[in-house]
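To start, the structure under review is shown below, and the notes come after it.
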Amino acid sequence: MVSEISTCPHIQAELAENFGEAIFPRYKQVLTWNVHRAQAVRAPKRRRIAAPVCGVCELALSRPFACLHCDKAFCWENGHAKSHLRHAKHMFCADVKSGRVYCSLCDDFIYDPRMEDVYTRTIVSAEEKETRFQESGKLREAFRPWTPSEKDQSALDASISIPCQSRRGLVNLGQTCFLNAVLQCLIHNPLLRNYFLGDKHNWRNCKVEQCTCCEMDKLFSEIYSTSTSSNSNSLTSSFDPNTGPSDAAPFGPTSFLYTLWKVASSELSSGYAQQDAHEFFICTLNQIHTTCRGSTNVSCNCIIHNTFAGQLQSDVKCERCGNTTSTIDPMLDISLELKGRQGQAEASGENTLQACLRRFTQPERLNPKEYSCSKCSKGSPEATKRLSIRKLPSVLSFQFKRFEHKTNFTNGDRSTSRKIDTPVRFPSTINMAPYTTMVMRDMEKENASNNNGSGSSVPFTHQGPESLYDYDLFAVINHTGALDNGHYTAFALSPATNEWYRFDDDKVSHASAKACLEESAGAYMCFYVKRRVEYKAYQVPSYVLVRETEALRERER
């Protein structure tokens, strides 16, 4: 949980004395300058911003530390930043890249919630001024923090705050650990949580029979509820208001499982057999999409597609004439191989998420019978196919292909299955820009210019700052044991406390990000959420339109 108390008494005194007027302007200035410099590096037609130099050794600084009391910058490695603060009797300097503030009196980097708030607002405002939309080419709408009106404030004062911990186990109904692990990841998905807790789908008003979206709404209401006495699926009605739902009895998702079996019997097998968590995940998304508001076959605007949907681009290039054929396909998740192209198992050091993504996006040679060039009008002896991500979703779902099924045609068409136990490592944050279609094309142009001996480098033309491509890990599904009798568990980040928890059916235990990364070497699926979610510019939010429409109807009545 993020602390709201400053760790430094000196920054508290500084902000209390003059409300930050001495250091806030300089702090905002250096943060904005760093955003402009990062964008200028990628823009070929923009004026270059000269790199700052250390005020002592005069070396060019790739990561300057700026004094918040004067207009000088220094290097950190040689100790010149500390030396300046000590001799000039200045207290604070800031890392321009990360925004971290160093206090010379504490002799340490410090945390203050007010400085953190200034950092977030400054970075968002500066980045949005540098970002243009792909469709219109216009600048993004300026960020405006929400401030409650008098009506909103009166409603907040009259409301009763309840704990929303979401730390509640799920009962194993008989080999349903796959269901429990997937549901915990959906429950802790920030976008799904905001949708269902925002009453965007109310099961009491829905008239669709056997509606999976209604079951998700009931599940969120039960998990985030402060009372368990009204639901028969709960094993007991005990609740401690001091600790919240984390100590409530585990919940049995019998209604959810029954509904999904009824509407998706062709995709799921009933009975007590163990099922694949990834197949269940895709089946659940499809059923929520089918019964959700805004669901269409073309340009769907349902919560599932707004959350998980992206686009993959497949480029097939004829090596004879250079003709490239591109195909765009929708995606809800990305399945990654844990072995090499030729079938050999990769070394454990190469089985990282980034290495799997590089193998996923590297060119692959096609068989001459698999491709016929439309320009050459004949089968090309050399053609390559490369996948890239054309559109990044708000939530990235990765599946590692641990279960391999093969059919031996020489031995009576017998099928063999095995589990790949190769450990895989993945980061808590990942930047997806290198795997997008736009950046990969720029890299290809740069390689071509270098091979031609032109010597001119083609800069990457990101749509906006790199932070728009940053993703944070929030859930992991692990599989332990053999293929036919394994067990699924999950790690998830609680949105209320910003703490990690381990979910093993009905057992919930406190964890950490380090424990999640270390104990998830056998990860089967992992989920990342975009740090800066995209939005439509200059449009009134839907909840505001609904509120205004209801107010108009009330006046008419």
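Exactly one residue out of Ala448, Ala433 is of a type in the set (A, V, I, L, M, F, W, C), surrounded by fewer than 12 Cβ atoms within 10 Å (Cβ to Cβ) and either at pLDDT below 75 or under 27 Å from Cys300 (Cβ atoms) (or both): that is Ala448. Residues in the stretch 344-354 that are at pLDDT below 90 and either open to solvent by 40 Å² or more (accessible area, probe 1.4 Å) or of a type in the set (A, V, I, L, M, F, W, C) (or both): Gln344, Ala345, Glu346, Ala347, Ser348, Gly349, Glu350.
Ser265 meets each of the listed conditions (1) over 16 Å from Arg168 (Cβ atoms); (2) among the hydroxyl-bearing types (Ser, Thr, Tyr); (3) at pLDDT 85 or above apart from (3). Being surrounded by fewer than 21 Cβ atoms within 10 Å (Cβ to Cβ) and closer than 30 Å to Glu404 by Cβ is the filter here, so list the residues in the stretch 276-304 that pass it. Scanning the stretch 276-304 gives Asp276, Glu279, Ile282, Cys283, Asn286. Highlighted here are the helices (runs of 4 or more DSSP H) found entirely within the stretch 118-223 that include at least 1 residues which are open to solvent by 20 Å² or more (accessible area, probe 1.4 Å) and modelled with pLDDT of 90 or more: 190-197, 212-223.
Of the residues that sit in the stretch 355-379 and are open to solvent by 70 Å² or more (accessible area, probe 1.4 Å) and farther than 16 Å from Ser314 by Cβ, which one is modelled with the highest pLDDT? The residue in question is Arg358.
Where residues in the stretch 456-493 are within 19 Å of Asp506 (Cβ to Cβ) and loosely packed, with under 15 Cβ neighbours inside 10 Å, which of them is modelled with the lowest pLDDT? The extreme case among them is Gly481. Given the condition part of a helix (DSSP H, G or I), in contact with a helix residue (DSSP H, G or I) (Cβ under 6 Å, 6 or more places away or on another chain), at pLDDT 90 or above and open to solvent by less than 50 Å² (accessible area, probe 1.4 Å), answer yes or no: does some residue in the stretch 311-333 qualify? Looking for residues that are part of a helix (DSSP H, G or I), in contact with a helix residue (DSSP H, G or I) (Cβ under 6 Å, 6 or more places away or on another chain), at pLDDT 90 or above and open to solvent by less than 50 Å² (accessible area, probe 1.4 Å), one finds none in the stretch 311-333, hence no.
How many residues does the stretch 494-527 contain that are polar (S, T, N, Q) and crowded, with 16+ Cβ neighbours inside 10 Å? Walk me through how you get there before you give the answer.
Within the stretch 494-527, the first condition is being polar (S, T, N, Q), and the residues that meet it are 494, 497-498, 509, 512, 520.
Filter once more, so that each one left must be crowded, with 16+ Cβ neighbours inside 10 Å: 494, 497, 520.
Selection size over the stretch 494-527: 3.
For residues in the stretch 528-552 being open to solvent by 100 Å² or more (accessible area, probe 1.4 Å) and either acidic (Asp, Glu) or modelled with pLDDT under 85 (or both), which is farthest from Cys356 (Cα to Cα)?
Kept after step one, since they are open to solvent by 100 Å² or more (accessible area, probe 1.4 Å), are these residues of the stretch 528-552: 531, 534, 536, 538-539, 543, 547-548, 550.
Among the residues that remain, those that are also either acidic (Asp, Glu) or modelled with pLDDT under 85 (or both) are: 534, 536, 538-539, 543, 547-548, 550.
Numbers: Glu534: 26, Lys536: 32, Tyr538: 38, Gln539: 39, Tyr543: 40, Arg547: 46, Glu548: 49, Glu550: 50 Å.
Among them, the one singled out is Glu550.
Pairing each residue of the stretch 240-260 that is modelled with pLDDT of 50 or more with any residue that is among the acidic types (Asp, Glu), provided the two are 6+ apart or on different chains, yields C-beta distances under 7 Å for Asp247/Asp240; Pro250/Asp506; Phe251/Glu222; Ser255/Glu215; Phe256/Glu215; Thr259/Glu215. Filtering the stretch 269-289 to residues that are modelled with pLDDT under 90 and within 28 Å of the chain's Cα centre (by Cα) leaves Gln275, Asp276. Of all residues in the stretch 60-92, those satisfying the criterion of being exposed (fewer than 15 other Cβ atoms within 10 Å of the Cβ) and over 18 Å from Ala22 (Cβ atoms) are Ala60, Ser62, Arg63, Glu77, Asn78, Gly79, Ser83, Arg86, His87.
Could you please tell me which pairs satisfy a Cβ distance under 6 Å, a separation of 6+ or placement on different chains, a first residue in the stretch 171-200 that is closer than 13 Å to Val476 by Cα, and a second residue that is open to solvent by 10 Å² or more (accessible area, probe 1.4 Å)? From residues that are closer than 13 Å to Val476 by Cα, the pairs are Phe178/Gln275; Asn180/Asp505.
Listed by first and then second residue, the pairs with beta-carbon distance under 6 Å, at least 6 apart or on different chains, first residue in the stretch 84-101 and touching a residue at least 12 places away in the same chain (Cβ under 8 Å) and farther than 25 Å from Ile123 by Cα, second open to solvent by less than 10 Å² (accessible area, probe 1.4 Å) and not in a strand (DSSP E or B), form an empty list.
The values are calculated or read from the model by the stated rules, or taken from the named source; none is laboratory data. It should be emphasised that the depicted structure is a prediction, and the values quoted were computed from it without experimental measurement. Ideal geometry is used to build each Cβ from the backbone, glycine not excepted, and the neighbour counts take in all protein chains shown. These area figures cover heavy atoms from the full protein model, side chains too; ligands, DNA and RNA do not enter into them. Shrake-Rupley method; radii C 1.70, N 1.55, O 1.52, S 1.80 Å.
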